[in-house]
Amino acid sequence: MSAERVPTVVNVVMAGLGGQGVLTASDILADAAMRAGLDVKKAEVHGMSQRGGLVTSDIRFGDRVWSPMVPPGEADYLVLLAPTELEATRAVLKPGGVLIDTGVVAAEDLPNRRSLNVALLGALSVHLSIPEALLLDAMRADLPEKLHPTNEQAFAIGRERALAAR
């Protein structure tokens, strides 16, 4: 009798304020996971986002994913673009999960503050099995060409800072 392999699902929650690019970063991650041949589900909550309120996006990928929502306490990674929202989102992170926030790379350290979302995606990338090249391909596919150089640089900065912090 052979043991069945248990399907692996990676749970990521991205959170921030309206206008910070939470949804763009989650689109890039979901696109990269699909490019890697993984099953992907994604869900978004952006109630008061137009007024600067909390925006969250759940991204789940792996061998087989049944639901787009990350259950409370089961996020492997919480990517937080707005430190003020830590208390509102802390409960999604599982014990031993990884918090990636602006302590890794601050917007002031980037060539363009609006690329913080991509910089934090770069920081997240060091923890994922998705190849860096696929994440960059997805970023290029999801953003206008004129934004590629700045966002490639932001991704690299986030990745370098996360690697240095390990």
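Applying the selection to segment 82-100, what residues are at pLDDT 95 or above and within 30 Å of K146 (Cα to Cα)? Scanning segment 82-100 gives a single hit, I100. Selection of strands (runs of 3 or more DSSP E) fully inside segment 26-111 by the criterion of at least 3 residues being under 13 Å from the mean Cα position of the chain (by Cα) and in contact (Cβ under 8 Å) with a residue 40 or more places away in the chain returns 54-62, 75-80.
Would you check which residues across segment 41-80 are among the hydrophobic types (A, V, I, L, M, F, W, C) and either farther than 21 Å from A141 by Cβ or modelled with pLDDT under 95 (or both) and list them?
Once the filter is applied, which keeps residues that are among the hydrophobic types (A, V, I, L, M, F, W, C) and either farther than 21 Å from A141 by Cβ or modelled with pLDDT under 95 (or both), segment 41-80 yields A43, V45, M48, L54, V55, V65, W66, M69, V70, A75, L78, L80.
Quick check, is H148 of a type outside the set (D, E) and free of Cβ contacts under 8 Å to residues at least 12 places away in the same chain?
Here the answer is yes, as H148 does meet what is asked.
Considering only residues in segment 112-166 that are of a type in the set (S, T, Y) and part of a helix (DSSP H, G or I), the one that is nearest to T24 (Cα to Cα) turns out to be S115. Residues in segment 74-133 that are surrounded by 19 or more Cβ atoms within 10 Å (Cβ to Cβ), closer than 13 Å to G16 by Cα and small (G, A, S): A82 alone.
The values are calculated or read from the model by the stated rules, or taken from the named source; none is laboratory data. Keep in mind that this is a model prediction, so the values were computed, not measured. Counting neighbours? That spans all protein chains shown, and the Cβs are built from the backbone with ideal geometry, glycine included.
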